[in-house]
Amino acid sequence: MKFRCERDTLAEAIGTAQRAVSARSGALPVLSGIQVTASDDHIELVGCDLDLTIRVQVPAQVDTDGQAVVPAKLFDGLTTRLKAGTVTFEVEGDDARISSGSAKAGVRLLPADEFPRVGEPSGSAVTVDAAPFAEALRQVIPGASRDDARPILTGVLLTATADGVRLVATDSYRLAVRDLAGVGMLSEGQRVLVGARGLNEVQRVFSSGKIDVTFGEREVRFASETRTVTARLIEGEFPNYEQLIPSGYPNRLTVSRATLEEAVRLMQIVGEGREGTPVRLAMSADGLELSANAQERADATEAIDAKFEGTDVTVAFNPQFLLDGLLSVEGDEVVLETLDPLKPATLKGTDHPEFLYLLMPVRIS
Amino acid sequence: MRDAPSVLHLDLDAFFASVEQLADPALRGRPVVVGGLGNRGVVAAASYEARRFGIHSAMPMARARRACPDAVFVSPRFDAYSDASKQVMAVLRDVTPLVEPISLDEAFLDVAGAARSLGTGPEIGEVLRKRIHAETGLTASVGAATTKLLAKLASDLAKPDGMLVVEPGTELDFLHPLPVTRLWGVGPATRKRLDRFGVVSVGDLAKLPEATLVRELGASAGAHLHALAWNRDDRGVEPDRVTKSIGHEETFARDRTDLAGLERDALRMADAVASRLRGASKTARTVQIKIRYGDFRTITRSRTLATPTDLAIEIGETARDLLRALDLGEGIRLLGVSVQQLEEGVGVQGRLAFDDGSLATTFEASDDRRALEDAVDTVRERFGTDAVGTAAFLDRGRLLPGRRASLWGPDDPDSSDHDADRTSHDKEAR
C-alpha cells in the first residue's frame, strides 16, 4: 500500500477520525488505531470505538491499494509535525513509513484484520440541512449526562413533532429541549435515543451543506459526500420529561445574556475547587444581585440591571449549569422564570421559544 | 520523639460486659457474654469470668455457647454503652482537651501540656483510672508511652485494671520482643507473607530491610510497617477529629443472593444514612457499599457524585448501581452503605424527578423529596426510627427501619421470622 497526500489535508482527516478513537484503556488494542484504506483516487480514514464510527475520505494519489491500521496518536502527532507539502505513506512489512521532504518516520502497524466491522444502517436516507441541525445539537448536548452509570441519560432523544423534530437531553439536574421545525428526519411517532458524544461529533463534522440521515434498527448514520458519522442507538426508555416542565411561572426575570454570563463567571471563580458552591440570584424589582460565598475562602457580589416581574425571590444554582444554559440559549436577552427557591427554573432566549433550558436549583442550608 | 511518656491510651475493660454487670448485680462475678444471640451471632464482648472459658470477642456465638453453656448471654444495649462512654470521655476531657476517642471504650490522650499542673503521664493515668472507677464503677487500663503505637500496646498488656508505662529510652526493648501480630495492620494475610521470612517478633520485622517489606507488601504498607517496627510513629493525638464517614451495615442470618431484596435493603440503608447526614447538617460526595461474602472475603466499591448530597434518593440509587455491578457469587453475609467526603455548609443540587421507576417515582420533585425526608426525620425523632419509612422498604407488611439490633448477628436464636434475620449497625468512622 502506498499513497501520497497533502499534509494539511491528511492531518485534518486524521484529527477528525481520531475523535472516535477510543480513549478508554482496556479497550481492544486495535481500536487505538485509525484504519486507512487506499483505493482509486482517495484514501478513507476510520476511527471507531464500537459506539461511534467516523469515516473521512480525502483525495490522494494512490500508487498501491491497501489497508492498514495506524496507531492514532502517533499518526496524528507525526503528520502534524511533518513539513508542509506532500506526505508519502507506504507500508513495508509490519511498519508504515511516513515521510515528507527529508523527514522520515516509521510506525509499527496494528493488526488490520482485527479492526471491527461496525454495522451500518440500511434503509432510505433523509436529506436535511446541516446547519440548523448542528445548531440545535449544540444547544441540547450540554444537558446530557456524561455519567456512563446511567446510559439512557448520556443520549439525546430525537422525537418526531408535527412539523419537524424535537431534541431532548437531561442529566437529571437540568433538561434541554429544542424544537426544530421543518426537519423531517423521523417518521410520525418515531423516537430514537442517540449518544450525545456521537451527536457532538455530528455537530462538529457537519456544520454546513446537506447531510443524509439514515436510521437503522441499531445505528444512525449521518453522511455527507466525504464524511460519515455512525452512532449506535441507545436502548431503553427516556424519562418522561414533559411532566417536569411547569405550565406557568409567577416570577420572570429579563436580563442581558452577556452581562449575566460575565457575572456568573465571576461568581464561579469564587467557588472553584470547592464543589457545591452555588451562585445566588436575588431577584427583585430593583434588578438582579448575584452572590457567591465559599466559606473561609472567597466571596463576591455583583448587581446587574434586569427587569423583574413577580415576588422577590432568591434562587441558587450550580454556576456551571447556569452557564451551560446561558451559552445554549440564543439571542441577546434571556428570560429566567422561577417558581420558588426549590422548584425547577427555566431559561429561554427572548423571542426564541424553540429552546428551553430547565434547571434544578441548589438548596442552601 | 517525646522525652516523657505523655501519650496515654485508655481502654475500658470488657466494656459492654462490665456495663451489663453494673446494671444488674445478679450478673456480677458470673461469665457474661454480650453479642448477637442468633445462630450466626458474634461475640461483641465477654466478661473476664467468661474469658476464662476461652470466650473472646469476634468469636461465633455458637462456639461461645458450647464453651460455657452456663454463661449469661445478653444482647447489646447501645444506649447504655453510649451513656457510660460519654461519662468516661467527660472524665478524660476534664484532664485535657487533647482527647481522641477511638471508639466507645478507648481513647488517646496527650498529657504533655497537663504535666506541669497535674503530674507526669503515669500519675495522670492513675488518677484517671481511679476517677473512672469511682464515678462509673468501670475499670480501665492505661498505657503510657512516647508514641501512640506503644501506648496502645502497653494498655493491651496492662489489662485488666492495670497500667503499664514504657519509659523513654526503653521503647525498643519493650517493642521488639512482642509478637509481630500485635502491630496494627498485621492481619492473617500479612502474617503469612512475613512468615516466609521467619518473622515472628516485631524485632524480626525490624531487622528486615525496608526494601524487602516494600517489595512484599507494597510501598505504603511496607514503609509503614518498617516505621512501626522501629517505633517511628509521629501521629499526634487529634482531638475532635471530624467524622469522615457515616454508614450503616447489616449482617444477615443466611448468605443472600436475592439481588432485588438486597437492592431494597441498600435503599433502606441509604435512607438511614441520609437521615443521619441531615441530622449532622452535612453533605457527602462519595457513596460506598461494602459486601462480605460467605467466606468472609470483604470488598468495597465506591462512586463519587457530581455534586454533594444529603438525599436518600441519590445515595440509594448510587448504592443500588454499585450493588448491581457486583457479582454476588455464592451469597453475601453482610451489606453496608456508607458516605464519605463529608462537608458542611455547601448546597445540595436538586434533582429532577422523573417518572422512571426510580426511587423518586412517588415524589414530584427532589425538593419535595427533601421536604418529605425532613418530615420523616422529625417523626422519627419524636416517635422512633420505625415510626415512618418508605413503602419500598416494607417487608411482610412490617417496616424495616434503618437502625436496629447490632452488628454482631441476629438477636433471636429461635426466630424464623425473616425480619429477625438481619442485624444492623450504624457506623461513624473518624
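So which trypsin sites (Lys or Arg not before Pro) in region A:73-122 are both in a DSSP loop and have at most 16 other Cβ atoms within 10 Å of their Cβ? Of the trypsin sites (Lys or Arg not before Pro), the ones in loops of region A:73-122 whose Cβ has at most 16 other Cβ atoms within 10 Å are A:K83, A:R117.
Rounded to whole Å, the principal axis extents of the Cα atoms in the protein assembly as shown read 95, 71, 58, largest first. Per-residue Karplus couplings for region B:263-278, computed as 6.51 cos²θ - 1.76 cosθ + 1.60 with θ equal to phi - 60°, are listed in order as 4, 5, 5, 4, 4, 5, 5, 4, 4, 5, 5, 4, 4, 6, 4, 5 Hz, Gly and Pro entered as x. Helical runs assigned H by DSSP (4 residues or longer) give the protein assembly as shown a calculated mean residue ellipticity at 222 nm of -8500 deg cm²/dmol, each run adding -39500 (n - 2.57) before division by the residue total. Distance between the modelled labels on B:R235 and A:R274, one decimal in nanometres: 3.0 nm (7 Å Cα→Cβ projection). Bridgeable lysines around A:K343 (alpha carbons under 26 Å apart, same-chain partners fewer than 8 residues away excluded): A:K307, B:K282. How much of the calculated P(r) for region B:1-109 lies past 19 Å, in percent of all Cα pairs? Within region B:1-109, distances greater than 19 Å cover 49 percent of Cα pairs.
Past the 26 angstrom mark, what percentage of all C-alpha to C-alpha distances in region A:126-243 do you count?
Details: 703 of 6903 pairs.
Summing the P(r) tail past 26 Å for region A:126-243 gives 10 percent.
Available extension along the chain between A:R297 and A:E330 is 8.4 nm, counting 0.36 nm per residue and deducting the alpha carbon span.
What the Cα atoms of region A:252-365 give is an Rg and a Dmax of 13.0, 42 Å.
Counts of other chain beta carbons within 10 angstrom of each beta carbon in peptide A:235-246 average 3. Output the DSSP H helices from chain A with an along-axis C-alpha extent of no less than 30 Å and a mean Kyte-Doolittle hydropathy no less than -0.5. TM-like helix candidates: nothing returned. Rounded to the nearest Hz, the phi-derived 3J(HN,Hα) couplings of region A:235-240 under the Karplus curve 6.51 cos²θ - 1.76 cosθ + 1.60 (θ = phi - 60°) are 8, x, 9, 5, x, 6, where x marks glycine and proline. Our coupling estimate for region A:225-230, obtained by passing each phi through the Karplus curve with A = 6.51, B = -1.76, C = 1.60 and θ = phi - 60°, is 5, 10, 10, 9, 10, 10 Hz, Gly and Pro reported as x. Projecting label points 7 angstrom from Cα along Cα→Cβ for A:T314 and A:S256 puts them 2.6 nm apart.
Where in region B:44-67 is the amide nitrogen less than 18 Å from a point lying 7 Å along the Cα-to-Cβ axis of B:R77? Once the point is set 7 Å along Cα→Cβ of B:R77, B:44-47 turn out to lie under 18 Å by backbone N, inside region B:44-67. Summarising the amide proton neighbourhood of A:A306: residues at separation of 5 or more, or on other chains, whose placed amide H is nearer than 5 Å comprise A:L288. Annotation for region A:227-281 versus region B:286-309: alpha-carbon center distance of 30 Å. Less than 5 angstrom separates the built amide H of A:G164 from those of A:G182, all sequence-distant by 5 or more or on a different chain.
Counting other Cβ atoms within 10 Å, keep those with at most 12, restrict to DSSP loop, and tell me which GluC sites (Glu not before Pro) in region B:149-231 are left. Could the numbers behind the result be given before it?
Details: sites: B:E171, B:E210, B:E216; in loops: none.
Within region B:149-231, no GluC sites (Glu not before Pro) qualify (loop, at most 12 other Cβ atoms within 10 Å).
Bear in mind that the values in this text are calculations on the coordinates, not laboratory data. None of these values were measured; they are calculated from a predicted model. Because the Cβ atoms are built from the backbone with ideal geometry, glycine has one as well, and the counts that use them run over all protein chains shown.
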